[in-house]
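J.: Got a structure for you, questions after.
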Amino acid sequence: MNEQLASTWEILDAAHRALRTVVNGVGPDDWERPTPCAQWNVTQVLQHAAGDQRGFAAMITGSGFPSYDPFAPDGHLHGEDPAAFAEDGMRAAAAAWATIAHDAADAPTPLPQGRLAPRIGAGACALDAAVHAWDIAAATGQPSPLTPELARDLLAVAREIVEPLRQWGAYAAVVPAAAGDDEVAALLRYLGRDPSWAA
């Protein structure tokens, strides 16, 4: 797989690196483990994350939408290699966002908000990949793949888009801050996640 495929959007490339690293670190017996997404196991989170990357790409290109509902993943990859499955979604998103100029007026997204400023749209695509990378890492005992820099950039995007999505049910309520929170913890709490969650 070509891991050098870049989107021209650093926030998205960094999120893809996080998701790629975590998926490659999942053990063969870990795919049915519970995750911070209460109704989903690791495989279902992967399906959702990869499907969302395809959805963002397809809104730009007009084709290649996921063949399943990313919000109702069945937990079965039907023989596909998990890393390749994730990579296909990330490559589609990276290629699509590479066609969006940084100074464009707006860009299409699959979010209820519709078209957004490109930096917000690319950031939203990155946010989805990165937070689910953390979900998978937490579920499988891996280190957090989120750097303070990436978390800080993602939180700025999240504050632009999350509240309408939270009302729709895509994110849980904000988890109250705690002493000693860093940038990563602040992002996770804003997205309705407990930074200390463990399977």
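The values are calculated or read from the model by the stated rules, or taken from the named source; none is laboratory data. For clarity, every value in this text was computed on a predicted model and none was experimentally measured. All Cβ positions, even for glycine, are placed from backbone atoms using ideal geometry, and neighbour counts span all protein chains on display. Each accessible area value is taken on the protein alone, full model and side chains, heavy atoms only, with ligands, DNA and RNA left out. Shrake-Rupley method; radii C 1.70, N 1.55, O 1.52, S 1.80 Å.
J.: Just to be sure I understand, how many residues within the range 1-40 are touching a residue at least 40 places away in the same chain (Cβ under 8 Å) and more than 16 Å from Ala83 (Cα to Cα)?
T.: 13
J.: Between a residue in the range 42-54 that is farther than 11 Å from Cys125 by Cα and any residue that is among the acidic types (Asp, Glu) and in a helix (DSSP H, G or I), which pairs come within a Cβ distance under 6 Å, given they are 6 or more apart or on different chains?
T.: Val45/Asp135
J.: Within the range 153-196, restricting attention to residues that are aromatic (Phe, Trp, Tyr) and either open to solvent by less than 70 Å² (accessible area, probe 1.4 Å) or at pLDDT 95 or above (or both), which residue is farthest from Pro36 (Cα to Cα)?
T.: Looking at the filtered set, the residue picked out is Tyr190.
J.: Here's a follow-up. Can you pull out the residues in the range 140-152 that are among the small types (Gly, Ala, Ser) and surrounded by 16 or more Cβ atoms within 10 Å (Cβ to Cβ)?
T.: Selection gives Ser144, Ala151.
J.: Looking at (1) in contact with an Asp or Glu (Cβ under 7 Å, 6 or more places away or on another chain); (2) among the charged types (D, E, K, R); (3) in contact (Cβ under 8 Å) with a residue 12 or more places away in the chain, find the lone condition where Asp106 falls short.
T.: Unmet for Asp106, out of (1) in contact with an Asp or Glu (Cβ under 7 Å, 6 or more places away or on another chain); (2) among the charged types (D, E, K, R); (3) in contact (Cβ under 8 Å) with a residue 12 or more places away in the chain: (1).
J.: Out of Ala92, Ala38, Ala49, report the one residue that is part of a helix (DSSP H, G or I), of a type in the set (A, V, I, L, M, F, W, C) and out of contact with any Leu (no Cβ under 8 Å at 6 or more places or on another chain).
T.: Ala92
J.: Considering the range 100-124 alone, what residues qualify as being of a type in the set (S, T, N, Q) and either within 11 Å of Val157 (Cα to Cα) or open to solvent by 10 Å² or more (accessible area, probe 1.4 Å) (or both)?
T.: Gln113
J.: Got a number for residues in the range 87-99 being among the aromatic types (Phe, Trp, Tyr) and surrounded by fewer than 20 Cβ atoms within 10 Å (Cβ to Cβ)?
T.: So the count comes out to 0.
J.: Separate question: Would the range 59-74 turn up any residue that is among the charged types (D, E, K, R), modelled with pLDDT of 95 or more and open to solvent by less than 70 Å² (accessible area, probe 1.4 Å)?
T.: Within the range 59-74 (the criterion being among the charged types (D, E, K, R), modelled with pLDDT of 95 or more and open to solvent by less than 70 Å² (accessible area, probe 1.4 Å)), the answer is no, since none of the residues qualifies.
J.: Of the residues in the range 1-32, how many are of a type in the set (A, V, I, L, M, F, W, C), modelled with pLDDT of 95 or more, surrounded by fewer than 23 Cβ atoms within 10 Å (Cβ to Cβ) and farther than 17 Å from Gly121 by Cβ?
T.: Looking only at that region, the number is 2.
J.: Right, here's the next one. Can you confirm whether Ala84 is open to solvent by 20 Å² or more (accessible area, probe 1.4 Å), out of contact with any helix residue (DSSP H, G or I) (no Cβ under 9 Å at 6 or more places or on another chain), assigned to a helix (DSSP H, G or I) and in contact (Cβ under 8 Å) with a residue 24 or more places away in the chain?
T.: Criteria met by Ala84.
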